């Protein structure tokens, strides 16, 4: 019998480092998903005690949070905002068994942790989804007030992605729950930044373009020339982080309107 694990999700449980390896202060955080599953994450505070913005990070479908350490360190250095990244169930130190349905519960649990436990204002939370995580960022941005959302390597829906690999014959075990950003993106009122690699081999640029066109705005699209799926922040270099800085400033200005 087919399982979402091994076909959609590729979790690794062993952490290969911590933010301390990049000289970042951080807190180990354990918190519940909305069904009570115990999840693990890192809260990396801004070095500016007056900075209110917190980035809530939804990572992709493989590895764990330790495989994002370089990216975390670079974003922290260029933006100097707080960052909260966590692992879905069965990834890293998080408990439970991975599934699409479960990731929605995990994403909501992470949001609740920031708002209820850390008492961060929803309008101070910047959502960041990468690849699979874009579906979770879109879902939250539809129902919650947030500062904005960055969608990197976004896809339209899990159904369309599965069609690419199963040529229209999607096994029923893989279609019991779904990610469906294309039907939700138009409901988002917060500013959106789409980032996509020009030569993304996993998720075609065309999917992100369709989402961009369906979004209400304010919105912007940054195509990273020469980049594939996993190397946008490396190939993009300083321009990649400048796009983040400009977008963050636009989000803050939009908040003041």
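Answer yes or no as to whether residue 198 is touching a strand residue (DSSP E or B) at 6+ places or on another chain (Cβ under 9 Å), at pLDDT 95 or above and surrounded by fewer than 18 Cβ atoms within 10 Å (Cβ to Cβ). Break it down into steps so the answer makes sense when it comes.
Values: touching a strand residue (DSSP E or B) at 6+ places or on another chain (Cβ under 9 Å): yes; at pLDDT 95 or above: yes; surrounded by fewer than 18 Cβ atoms within 10 Å (Cβ to Cβ): yes.
Spelling it out, residue 198 is indeed touching a strand residue (DSSP E or B) at 6+ places or on another chain (Cβ under 9 Å), at pLDDT 95 or above and surrounded by fewer than 18 Cβ atoms within 10 Å (Cβ to Cβ).
With a cut-off of at least 3 residues that are in contact with a strand residue (DSSP E or B) (Cβ under 7 Å, 6 or more places away or on another chain) and closer than 29 Å to residue 250 by Cβ, name the strands (runs of 3 or more DSSP E) lying wholly within the stretch 1-118. Lay out the reasoning, then the answer.
Working: elements: 27-32, 38-44, 54-58, 82-86.
Correct list: 38-44, 54-58, 82-86.
Only one of (1) more than 28 Å from residue 161 (Cβ to Cβ); (2) in contact (Cβ under 8 Å) with a residue 60 or more places away in the chain fails for residue 34. Which number is that?
(1)
For the stretch 140-257, which fully contained helices (runs of 4 or more DSSP H) count at least 1 residues that are touching a residue at least 24 places away in the same chain (Cβ under 8 Å), more than 17 Å from the chain's Cα centre (by Cα) and within 25 Å of residue 115 (Cβ to Cβ)? Walk me through how you get there before you give the answer.
Numbers: elements: 158-166, 205-214, 232-256.
Because the criterion is at least 1 residues that are touching a residue at least 24 places away in the same chain (Cβ under 8 Å), more than 17 Å from the chain's Cα centre (by Cα) and within 25 Å of residue 115 (Cβ to Cβ), the helices (runs of 4 or more DSSP H) in the stretch 140-257 that meet it are 232-256.
Please determine, by comparing only the residues of the stretch 105-137 that are free of Cβ contacts under 8 Å to residues at least 60 places away in the same chain and under 19 Å from residue 184 (Cβ atoms), which one is surrounded by the most Cβ atoms within 10 Å (Cβ to Cβ). Steps first, please.
As a first pass, look at the stretch 105-137 and keep what is free of Cβ contacts under 8 Å to residues at least 60 places away in the same chain: 107, 111, 115-116, 119, 122, 135.
Still in the list and also under 19 Å from residue 184 (Cβ atoms): 107, 111, 122, 135.
Details: 107: 24, 111: 22, 122: 13, 135: 27.
So, considering only residues that are free of Cβ contacts under 8 Å to residues at least 60 places away in the same chain and under 19 Å from residue 184 (Cβ atoms), the one surrounded by the most Cβ atoms within 10 Å (Cβ to Cβ) is 135.
Looking at the stretch 9-16, can you tell me whether even one residue there is surrounded by fewer than 19 Cβ atoms within 10 Å (Cβ to Cβ) and over 28 Å from residue 203 (Cβ atoms)? Don't jump to the end; show me each part of the working.
Within the stretch 9-16, the subset surrounded by fewer than 19 Cβ atoms within 10 Å (Cβ to Cβ) is 10, 12-16.
Imposing the further condition that a residue be over 28 Å from residue 203 (Cβ atoms) reduces the set to none.
So far as the stretch 9-16 goes, no, none of its residues is surrounded by fewer than 19 Cβ atoms within 10 Å (Cβ to Cβ) and over 28 Å from residue 203 (Cβ atoms).
For residue 27, work out the one condition from (1) surrounded by fewer than 18 Cβ atoms within 10 Å (Cβ to Cβ); (2) in contact (Cβ under 8 Å) with a residue 24 or more places away in the chain; (3) over 30 Å from residue 164 (Cβ atoms) it doesn't fulfil.
(2)
The values are calculated or read from the model by the stated rules, or taken from the named source; none is laboratory data. This structure is a prediction, so every number in the text was calculated from the model and none was measured. A quick note on method: Cβ atoms are made from the backbone with ideal geometry, for glycine too, and the neighbour counts reach across all protein chains shown.
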